[in-house]
Ligand code: ADP
């Protein structure tokens, strides 16, 4: 029989690890075998590969064996949270939104990619270092979510301010970590719209982006730049969140608007992106965040506000893009 034809009787049927073999083919003396390595450690995968290679080489007509080990990844959606400038509450919103989405029944991971000030360990009140297994980081659990932060990779107080390639290299370790069954991964980007942000967005290839802004004009100009940045990288903007909108006086209960109101909603309308909702300026939110007790994990108006935002974002995510 011609050695360059597929073998009609499929001589590769008798190979070991049958349950893991996804496809097998013998053509021109070359056996090509695709193996599902999901859940295997690198040693186990290597052992199976060697075993299969040895067995396949014993099959008549096989001169060479090519084995591809593939791990089927659960489908994951990365959502980048950005802001045109710092101090608008992007990290606070990222942490609480992640927790609120977990409370809504999603399996959620959070990546703190804020090179200038990784604050998630503080916001989540968890400073444990992640462990590593098979060359992959294992995210740390807190408040029903899993998270990894660039801050966990350096000693506390050590200034980060990494340059682009270092930051993107470190981010790759966080993205390629062992996220288990997480379906949604929130990426807290550094504030601003420069080259570092651009390379981080390109590296993480998020499915969509959310922009956090205060209602102020100045912040909104920056939010527009953030929308431009995501447009430039072809990442759909899923919506804008207005933070620090209304201040309810704890004494008289009267609402005031220190940073104006409605600005982010108006900008969202003008830019043609969804407005996801607003969060009040809240002393409780700031104090609880500083204390590592994210309000979204508790009860009260702040938790409700984050739950409403999470539900809006999940709705946008479930709406097919045309
Ligand atoms: P960014 O990530 O945009 O730099 P942060 O999330 O670190 O901003 O927030 C900056 C500061 O503002 C923090 O002290 C935080 O607790 C506070 N903050 C954020 N959102 C609110 C809010 N809605 N009400 C009161 N304080 C807030």
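Rule-based calculations on the coordinates, nothing more; no lab input. Here the structure is a predicted model, which is why all the values come from computation and not from measurement. When we count neighbours, we look across all protein chains shown, and the Cβ atoms used for this are built from the backbone with ideal geometry, even at glycine.
The peptide list 95-102, 115-122, 176-183, put in order of mean Cβ contacts within 10 Å with the highest first, becomes 95-102, 115-122, 176-183. To the nearest ten degrees, helix 301-318 and the longest principal axis of the Cα atoms of the chain are 40 degrees apart.
Mean separation of Cα pairs under 8 Å and 6 or more residues apart, divided by the residue count, gives segment 11-70 a relative contact order of 42 percent. Based on Cα contacts under 8 Å between residues 6+ apart, segment 13-167 shows a relative contact order of 17 percent.
Over the chain, Cα pairs under 8 Å with separation of 6+ residues give a relative contact order of 18 percent. Our estimate of slack between residue 308 and residue 248, defined as 0.36 nm per intervening residue step minus the Cα-Cα distance, is 19.7 nm. A Gaussian network model of the chain, with springs between Cα atoms under 10 Å, assigns the largest mean-square fluctuation among 123, 198, 279 to 198. Between rounded, prolate and oblate, where does segment 13-58 land on the alpha carbon gyration tensor, with a ≥ b ≥ c its root eigenvalues, rounded for a/c under 1.5, else prolate if a/b exceeds b/c? Since a/c reaches 1.5 and a/b is larger than b/c, the shape of segment 13-58 is classed as prolate. Between residue 76 and residue 133, the simple label model (points 7 Å from Cα in the Cβ direction) yields a spacing of 1.5 nm. Springs join every pair of Cα atoms under 10 Å in this Gaussian network model of the chain, and among 209, 71, 291 the largest mean-square fluctuation is at 71. Against the chain, whose longest principal axis is taken from its Cα atoms, helix 90-103 shows a tilt of about 60°.
For the chain, the 222 nm mean residue ellipticity estimated from helices alone, with every DSSP H stretch of n ≥ 4 adding -39500 (n - 2.57) and the total spread over all residues, rounds to -10500 deg cm²/dmol.
Length gained on full extension, residue 290 to residue 202: 28.6 nm, using 0.36 nm per residue less the C-alpha separation. Over every Cα atom in segment 178-317, the radius of gyration and the widest Cα-Cα span, Dmax, amount to 15.9, 49 Å.
To the nearest ten degrees, helix 42-57 and the longest principal axis of the Cα atoms of the chain are 30 degrees apart.
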